[in-house]
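Taking it in order: structure first as structure tokens, then the write-up.
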Amino acid sequence: MADFDTRALHDGEPVPRIEGAVTLPIFQTATYSHTADEPLRYVRLNNSPNHEALHDKLASLTETDEALVTASGMAAISSTLLTLLDAGDHLVAPETLYGGTLELFDTLLPRLGIDHSVLPAGRPSAWAEALTDDTTVLYAESITNPLLEVPDLPEMVSFADAHDLVSVVDNTFASPVNLRPAPLGFDVVLHSATKYLGGHSDVAAGVVAGPSSLVEAVRHTLTLTGGMLDPHACFLLHRSLKTLGMRMRRHNATAASVASALADHEAVDQVYYPGHPSHPHHERARALFDAYGGMVSVELAPGADPEVFFDRLTLPIRAPSLGGVESLVTQPALTSHRGLSPAERQALGITERLIRLSVGLEAPDDLVADLRDALDASHSAAAR
Ligand code: PLP
């Protein structure tokens, strides 16, 4: 198998190139002419040349049989779960999932008669008690938000295999550069491609990847729910995938520098980065991941003022989402976890002083200097 970077450029590209175009053009058409013998091509059927090239490239990069692009990460998650689960079924998952996914479990799935149990992430083998005769799916994330925990993924796969569950993992935070869950044994791999795969904070997209039979079934659901990716968005995602390896290596390296620099700052109580030796799951991450990603969270020291920190920053932009070229910064208590009560947040270890940083592609020294300056300011404000 060629290197990831080579596959990102060449796999999935049409041979021969269409009209010799080195870059696959955008097929900005909803429908295609056909003869009596030809299959129908229509944009909602996910079979335009833009879709097909992307599907093959993503199957290669995720090391799966087949991949499907969707209109967003949530479209990937919802169409997968609506495919795998029938009325009366039950799924198990750790409690530390993306908020939108938990809301789907709590609101939409119960209306369809689908039940779930969310469980402490610590020991998946202890989840047997939560299983019912109707449990069919195990759902997880390979790195969690915002404390960047790494669950025991091999134990989850063994548990799913032992209990005949379809295992589904959202690999958004890791990206296929740092972790490929399919060779670990997960059945279905999902991505919000709005994050690292798109990589420029300019497109919403999702990916479902796995064995052909499952991906084809999800594709059928997607054609019925209409959550296909538009051809222009396909083009943006396709273009971004060509630089995914390079971008991730830079995100990985800069995040590691940022984590080390911030760990020593007096305004910081704790740094959360799976690549940092202080992270509780560092050893597990080291065993499973090629690198640790571009997300770093920090718990400011007591008294340090988050608003002063945000006001003083000049490079990271205060905005939700992650994985783009510009660094983004959020306060999870006010963004991703605002729907929880303070007590619920406390139980998950998410305080008002927790800051989440999506490390972009700025020069590492400039970014570290900017963050240090903002931390100095938040600390002096506390001392006054
Ligand atoms: N999965 C994870 C881990 C996410 O962080 C997000 C969004 O933040 C999603 C899925 C949903 O992705 P999208 O916003 O593309 O629908």
### Task
Answer yes or no: is there a residue in the stretch 184-199 that is farther than 17 Å from Leu81 by Cα and part of a helix (DSSP H, G or I).
yes
### Task
Go through Ser201, Ser212 for me and flag whichever is within 16 Å of the ligand (Cβ to nearest atom), in contact (Cβ under 8 Å) with a residue 12 or more places away in the chain, surrounded by fewer than 24 Cβ atoms within 10 Å (Cβ to Cβ) and not hydrophobic (A, V, I, L, M, F, W, C).
Ser201
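The rows are residues; the columns are (1) within 16 Å of the ligand (Cβ to nearest atom); (2) within 29 Å of Asp152 (Cα to Cα); (3) in the same structural domain as Ala130 (by TED's automatic domain parsing).
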position: Phe27; (1), (2), (3): no, no, yes
position: Ala36; (1), (2), (3): no, no, yes
position: Asn50; (1), (2), (3): no, no, yes
position: Leu54; (1), (2), (3): yes, no, yes
position: Met74; (1), (2), (3): yes, yes, yes
position: Pro94; (1), (2), (3): yes, yes, yes
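Against the condition without any contact (Cβ under 8 Å) to a residue 40 or more places away in the chain, crowded, with 22+ Cβ neighbours inside 10 Å, under 21 Å from Pro151 (Cα atoms) and in contact with a Phe, Trp or Tyr (Cβ under 9 Å, 6 or more places away or on another chain), how does Ala259 come out, does it pass?
Working: without any contact (Cβ under 8 Å) to a residue 40 or more places away in the chain: yes; crowded, with 22+ Cβ neighbours inside 10 Å: yes; under 21 Å from Pro151 (Cα atoms): yes; in contact with a Phe, Trp or Tyr (Cβ under 9 Å, 6 or more places away or on another chain): yes.
Against the criterion (without any contact (Cβ under 8 Å) to a residue 40 or more places away in the chain, crowded, with 22+ Cβ neighbours inside 10 Å, under 21 Å from Pro151 (Cα atoms) and in contact with a Phe, Trp or Tyr (Cβ under 9 Å, 6 or more places away or on another chain)), Ala259 qualifies.
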### Task
Please work out if His279 is closer than 30 Å to Pro332 by Cβ, modelled with pLDDT of 95 or more, away from the ligand (no atom under 16 Å from the Cβ) and not polar (S, T, N, Q).
yes
### Query
If you go through the stretch 340-382 one residue at a time, how many are surrounded by fewer than 17 Cβ atoms within 10 Å (Cβ to Cβ), outside any loop (DSSP other than H, G, I, E, B) and free of Cβ contacts under 8 Å to residues at least 40 places away in the same chain?
8
### Query
Restricting to the stretch 305-318, what's the tally of residues that are more than 21 Å from Thr351 (Cβ to Cβ), in a loop (DSSP other than H, G, I, E, B) and among the aliphatic types (A, V, I, L, M)?
1
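Considering the stretch 56-72 alone, what residues qualify as being within 16 Å of the chain's Cα centre (by Cα) and more than 16 Å from the ligand (Cβ to nearest atom)?
Taking the stretch 56-72 and keeping what is within 16 Å of the chain's Cα centre (by Cα), we get 58, 61-62, 67-72.
Within the stretch 56-72, Leu61 is the sole residue that qualifies.
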### Query
Listed residues Met246, Met228; which is surrounded by 22 or more Cβ atoms within 10 Å (Cβ to Cβ) and either over 17 Å from the mean Cα position of the chain (by Cα) or in the same structural domain as His276 (by TED's automatic domain parsing) (or both)?
Met228
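The values are calculated or read from the model by the stated rules, or taken from the named source; none is laboratory data. Remember, predicted model here, so these are calculated numbers, not experimental data. Heads up, the Cβs are rebuilt from the backbone with ideal geometry, glycines too, and the neighbour counts pull from every protein chain shown.
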